[in-house]
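Visitor: Dumping the structure here so I can ask a few things about it.
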Amino acid sequence: MRVLKPEVAQDRKDKILNWVVYNYVSTGRPVSSELIAEEGRFSVSSATIRNILKELEAEGYLYQPHTSGGRIPSDKGYRAYVDNIMRMQRLAASEKERLEREYDRRVEQLDGFLKNTSRMLADMSKWAGFVMSADMELDSVKRLDLISMGPKSVLSVMFAHSGLIKHAAFSLERQAEKAAVKSLSVRLNRRVKDLPLSDVPQIIYKEFLAHEKDKGLEELLKKLMDYFRGLTKSEDALYLEGLSRIYSNLEEGDIEEFRGIARLLEEKERFSALLRERLRDCAQKTRALAEPGKRHIVDVTIGSENSIKEFKNFSLVSSSYCMKDKTVGLVGILGYKRMEYPRMISLVDTVSSMMEDMLGEWDKLDLEE
């Protein structure tokens, strides 16, 4: 009897596990040994396949929902599959180009930058997409930049002494001249530098807004004042789009599960807390693990790996996005465990990179002026 080398046997087992997970993700149906023998093209006997499936089940990678039926992946099985594809996956060039074109089109409306990004992720993934900017705790201003993006569009970028960066885009009813915005940015930056965030709205109101004659700058200052008031409340800017896509992918008997997650997402606080935790984890992993020159990594949590019980049958694929090597937010996809992981990972990775590039370009525009 021929005995395989351990590494050869393990490789064959890994390939069969990956095939089972991929087939289940594609069809939603439990996978039988007969199906693997007929369609898997592994050049092994049905008896060998059955033995491998029993081993995978004993090791916790697969399980049988019904005694006489096929097998489906456990969270551990999904994890092995995801770890494998994260080593190998790259987004197809054609889809990346399509994504970049769509992204350029969506972010033309600066006021909806984060919302449009989450909506685009939902549209491209066919699941729910989310974007969350980082928390702003009690902090002080290191630098405040106002960048003119057009006669009626201004980007604000605030650097805090804690290292956090907050960005916001304002669409104006009235025009604000580029030179005037630049001048206002210099004056504001000189006045609010090193001040606590809580003092900024009052400074804007008393020392700038009260004396401003330019209608466009007056409107900008009012929006900026309201924005800083919101920052002092330490609220998350969370944008979630595409919940209906989770509903459209419901599996039989899952309606109560959907209602539970819908209630959770409507409450937002527990979901926001989970995302805040992921944002911190992603930032730490990026510092520890990211390749040279790469500012972020993609993180995947599957089912029971999530800390919220309502997510036991869902996966989160997410990545932090950075500006000047500082983490400023989180972008990702929420969907059932039976998702197309290679594509979801690549989508999140590509969108995170494009957000970083976009923020970097906006920052360069200010420095060049």
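Visitor: Please enumerate the residues belonging to the stretch 1-51 that are over 24 Å from Pro342 (Cα atoms) and surrounded by 12 or more Cβ atoms within 10 Å (Cβ to Cβ). Write out each step before concluding.
Guide: The initial filter retains those residues of the stretch 1-51 that are over 24 Å from Pro342 (Cα atoms), namely 1-9, 33-34, 37-38, 43-51.
Within the stretch 1-51, Ala9, Ser33, Glu34, Ala37, Val44, Ser46, Thr48, Ile49, Arg50, Asn51 meet the criteria.
Visitor: Do we find a residue being outside any helix (DSSP H, G or I), within 28 Å of Val21 (Cα to Cα) and either basic (Lys, Arg) or at pLDDT below 75 (or both) anywhere in the stretch 265-274? Let's see the steps before the verdict.
Guide: First pass over the stretch 265-274, keeping only residues outside any helix (DSSP H, G or I): 268.
Then keep just the ones that are within 28 Å of Val21 (Cα to Cα); that gives none.
No, because not a single residue in the stretch 265-274 is outside any helix (DSSP H, G or I), within 28 Å of Val21 (Cα to Cα) and either basic (Lys, Arg) or at pLDDT below 75 (or both).
Visitor: In the stretch 185-193, is there at least one residue being at pLDDT 80 or above and among the small types (Gly, Ala, Ser)? Lay out the reasoning, then the answer.
Guide: Filtering the stretch 185-193 down to residues at pLDDT 80 or above leaves 185-193.
When the remaining residues are screened for being among the small types (Gly, Ala, Ser), the result is 185.
Yes, the stretch 185-193 contains at least one residue that is at pLDDT 80 or above and among the small types (Gly, Ala, Ser).
Visitor: Taking strands (runs of 3 or more DSSP E) that do not extend beyond the stretch 122-164, which have at least 1 residues that are at pLDDT 75 or above and farther than 30 Å from Phe314 by Cβ?
Guide: Working: elements: 128-133, 141-150, 153-160.
Because the criterion is at least 1 residues that are at pLDDT 75 or above and farther than 30 Å from Phe314 by Cβ, the strands (runs of 3 or more DSSP E) in the stretch 122-164 that meet it are 141-150, 153-160.
The values are calculated or read from the model by the stated rules, or taken from the named source; none is laboratory data. Keep in mind the model is a prediction, meaning the values are calculated, not measured. All Cβ positions, even for glycine, are placed from backbone atoms using ideal geometry, and neighbour counts span all protein chains on display.
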